[in-house]
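Below is one structure; the comments refer to it alone.
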Amino acid sequence: MIKLILSDLDETLLNDDGTIHPENITAVQKFVQQGGYFVPNTGRSYKSVFGTLATLGLNKQEKQYVVSYNGGAIVEVHADGSEKIVVQHGMSLNLAKEIFKLGQIQNDIDTHIYTLDTLFIHNISSADKAYMAERSVPYVEMPNDDLNFLSNEKPIMKVIFEHTDHEVLRAIDKTVNAKLADQVLTTYSSDRYVEFNPKGSDKGSTGLELADLLGIAHNEVAALGDSLNDASQIKAAGVGAAVANAKPEIKSIANLILDKTNNEGAVAEFINTHLEG
């Protein structure tokens, strides 16, 4: 019996325009009313998920959880609007500086630096700006490439690079890992990002940390996703499900491939068909 659903957001729960299919909302609410936990497991900041929780009606829960930054943190959100960081897996400023520097392989590289509660973006592209706006993701633009101001910030969770040319993303991956392979975990997401977390931090391991905190057995956990940064949770969960629009690599490791895409209510399909039989 599935008691915890870990769900990716972009291209999984959310439509391409950042909205949520009505069938997903109804199905998630039913699952939670029956005693289950529906937990966003995302590469984003937990603060950018608050609107999604409200749309799903999960902001009214006494305790709601979000796994953010590709497993960098577990956050407990309360109905009164307060939040508590339950688990965090950050990186040092020196490591963030090295990743940032190595990733600047050409002058049009867009770089995101996530601290525990703020997203900073250097050299944001017009395409990325539109993507952020569609999903109501808050961020602060950096005036230059000096990262020393981050010494006064909370822990750094991850560093990611945006570019629409996949060859550029792969080149960044190769350059960073040539020097830092023993310190970073590399993933890709949304057909536009290559992401670097500290080694040992991923959606799967942190998702299971949450299951342990809730007293839920690992075989009672389901994970839904579409992109390469979802691979760890798809593998770790008792049931790993790939939405119809998922990458071939994700479909190849999933226990279940859904018939519907993110735009067609794939999460609702999983809850209504595969949990109820």
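Within segment 241-255, track down each residue that is part of a loop (DSSP other than H, G, I, E, B) and of a type in the set (Gly, Ala, Ser). Full working, then the answer.
So in segment 241-255, the residues part of a loop (DSSP other than H, G, I, E, B) come out as 243-247, 254-255.
Selection gives 244, 246, 254.
The single condition among (1) over 16 Å from the mean Cα position of the chain (by Cα); (2) within 30 Å of residue 170 (Cβ to Cβ); (3) assigned to a loop (DSSP other than H, G, I, E, B) that residue 111 does not meet is (3). Taking the criterion of being touching a Leu at 6+ places or on another chain (Cβ under 9 Å), at pLDDT 95 or above, closer than 20 Å to residue 22 by Cβ and open to solvent by 10 Å² or more (accessible area, probe 1.4 Å), the only residue of segment 48-77 that qualifies is 52.
Among the residues of segment 139-150, those identified as assigned to a loop (DSSP other than H, G, I, E, B) and either at pLDDT below 90 or open to solvent by 80 Å² or more (accessible area, probe 1.4 Å) (or both) are 143, 145. Counting only residues that are surrounded by 21 or more Cβ atoms within 10 Å (Cβ to Cβ) and assigned to a loop (DSSP other than H, G, I, E, B), segment 7-20 holds 1 of them.
Being open to solvent by 10 Å² or more (accessible area, probe 1.4 Å) and at pLDDT 95 or above is true of residue 106.
Can you pull out every residue in segment 222-277 that is of a type in the set (S, T, N, Q), out of contact with any Gly (no Cβ under 8 Å at 6 or more places or on another chain) and open to solvent by 10 Å² or more (accessible area, probe 1.4 Å)? Before you say what the answer is, go through the steps one by one.
Here is the first cut: in segment 222-277, the residues of a type in the set (S, T, N, Q) are 227, 229, 232-233, 245, 252, 255, 261-263, 272-273.
Keeping just the survivors that are out of contact with any Gly (no Cβ under 8 Å at 6 or more places or on another chain) gives 227, 245, 252, 261-263, 272-273.
Residues satisfying the conditions are 245, 252, 261, 263, 272, 273.
Scanning segment 21-39 for residues that are outside any helix (DSSP H, G or I) and surrounded by fewer than 19 Cβ atoms within 10 Å (Cβ to Cβ) turns up 34, 35.
The values are calculated or read from the model by the stated rules, or taken from the named source; none is laboratory data. Model, not experiment: these values are computed from the prediction. All Cβ positions, glycine included, derive from the backbone under ideal geometry; neighbour counts span all protein chains shown. Quick note on the areas: whole protein, heavy atoms, side chains included, nothing else; ligands and nucleic acids left out. Shrake-Rupley method; radii C 1.70, N 1.55, O 1.52, S 1.80 Å.
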